[in-house]
Amino acid sequence: MADILPADAELNMSWRIFFLFIQSLFLIGCGPNKITLIEEREDLAVKDQQWLMECPPDLSHPLTLDEIIKIAVRNNLELYVKAAEINIQEDEANRLRFALLPQLNFDYQDTRRSQNAAARVELIDAPPSSPPGSFQLSSPKHDITWDISFIWNILDFGVTYFRARQQDDKAFIQIYEYERIKNSVILRSVQSYWRAVAAKQALDRANILLPEMREQTAKLNSEIEDRVYLSKGQALGKLIYFNQREIQVLGYNDRNDSSDPTQGYEKEYINALLDLAQLMQIPPGSQFDVYVPEDNLPYQIDNLPVVNDLFNTALVNRPELYERDLEYKISADDVKIAIIEQFPSVQLFNIKNFDSNPFLLHNNWYQAGVRMAWNLLAYPQHLMEYYSGKDEEERDIRNRLLLSESVLTQVTLAYILYEQNKDQYLLAKRVADSYKQAADLSILESEVGKKSKLEALQAKIDYALARNNLGKIYAELQRNIEQLNNAIGIPLYFSTFRNIDLLEQGFNKLEYGCYD
């Protein structure tokens, strides 16, 4: 090879082979390694499980509604993620505030050369007696220069100012988004809690009645086999009656003609507990129960103000409307930025210079002045940005009006549903009270022999079914009233059942909870 290629060609080939080798190493290192990804995923899976189990709440007692809400707001990971986004937006806003400062640059240079930079000076058509040409030096072999410059771009300052203000508005949007998610967490907690309460109360009643019902069913089967009844049809009718009532008592179907495999109070209770566990971020497999109010508790039913009085409350308190207001402010600042960018860029500067060159007359000097640059061909672009910003302002106004109309519709719908369910609850309560009186009377009459135990059991079953229906309607009423609270933007504002007032305890503070 040495005989064919010259020395320079051999050197170039060696460098080329070396660079190809280095490049191949980089390519090998940048490629994904499936085994490494699997190992990392397994390691992260263990860490995630440990992290999720770091702050388990106290589950040693049945959880009240207020305790569930507190745990959900403190530990909910969706809120935790939003809190991290708030911090990111605030950090970006702080970064842009520092960008408002002018430039202060320091430039230092230490130059050394192997030879003098000299120029030979000779006379053209010089007489024979003239001396030979001489050399002149303009810079030394070693030279040190530095300068400190203070530069302020007025146009960039104006643009950065509005960008920083926009970033502040974006951070506030995330804060109001946090409030919106928190309100949703509270709403879902209330809904799931009362679903669990209604199902648990129905299960407790079923557990009281089922042994007696199944005893009567077994007794009827025995009497049918022994032909105690004169009419077998009458006996079978009573047997069918108890089987149908068992379906209703267990919640498999509100009617008595079939059993729905998707229904049942036990399924409803378990599903509600799973929803609550997800909201509270309780570690998987944790066992807990909810506090169930006494079955005979005299529930309070609020009389709400007229719906028109709630409209202004909703329009002032809904966090989504504040988000729309901030989006409009961001669009308005885009318009201001487009106006500023139409002007020429003006830059003020003041520079302190030093040069160690001994051939200079002055080694220190100052520079101060104004620079102006105007890209005339960019003017149409900034003008269109201005028109686009004005259109975005108009769009944001219409979006806000659209959301306001939607908020008022939500308030109206939640108000109507509450009033309708309140009337239905009051009716169901009167029916349940009547069944209770009939059941109490049947029990007394069976004790003195006026009625059979079978008839007394039937009266107790009817009363239990009426109480189950009353509990479901009351749970729906609780969901309706919290939907109204969510619609006006104030969680737990109206309530017919509360142990403590979370709002008075500073509940609305921005809390990041367990995962700080």
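For this structure, a couple of remarks:
- Cα centroids of region 314-351 and region 84-105: 16 Å apart.
- Net charge of Cβ neighbours under 12 Å - reference Leu104; Lys, Arg +1; Asp, Glu -1: -1
- Computed extension length for Val448-Asn94: 119.1 nm, one decimal, from 0.36 nm per residue of separation with the Cα-Cα distance subtracted.
- Using the average count of surrounding beta-carbon atoms within 10 Å as a protection proxy, the listed peptides 195-206, 311-322, 210-221 rank, highest first, as 195-206, 311-322, 210-221.
- Treating r as the C-beta distance of Gln109 and Leu403 and R0 as 56 Å, the FRET efficiency rounds to 0.40.
- Calculated FRET efficiency, Leu77 to Asp423, Cβ-Cβ distance, R0 = 51 Å: about 0.80 to the nearest 0.05.
- Taking all protein chains into account, the per residue accessible area for region 391-448 stands at 63 Å² (1.4 Å probe).
- From phi via Karplus (6.51, -1.76, 1.60), per-residue ³J(HN,Hα) for region 268-281 in Hz, x at Gly/Pro: 4, 5, 5, 4, 5, 5, 5, 4, 5, 4, 5, 5, 8, 6
- Formal net charge of residues neighbouring Gln89 (Cβ-Cβ distance under 9 Å; K, R +1; D, E -1): -4
- In terms of the mean number of neighbouring beta-carbon atoms within 10 Å, the peptides 69-78, 141-150 order highest first as 69-78, 141-150.
- Of the peptides 471-483, 382-394, 332-344, the ranking by mean beta-carbon count within 10 Å, highest at the top, reads 471-483, 332-344, 382-394.
- Whole-Hz couplings from phi, Karplus 6.51/-1.76/1.60, listed for region 81-94; x for Gly and Pro: 5, 5, 4, 5, 5, 4, 4, 5, 5, 5, 5, 5, 5, 5
- 3J(HN,Hα) along region 372-383: 9, 9, 9, 7, 5, 6, 7, 4, x, 4, 5, 5 Hz, from the Karplus curve 6.51 cos²θ - 1.76 cosθ + 1.60 with θ = phi - 60°, whole Hz, x for Gly and Pro.
The values are calculated or read from the model by the stated rules, or taken from the named source; none is laboratory data. A quick note: this is a predicted structure, and the numbers were derived from the prediction, not measured. Note: ideal-geometry Cβ built from the backbone for every residue, glycine included; neighbour counts use all protein chains shown. Surface areas here come from the heavy atoms of the whole protein model, side chains and all, with no ligands, DNA or RNA. Shrake-Rupley method; radii C 1.70, N 1.55, O 1.52, S 1.80 Å.
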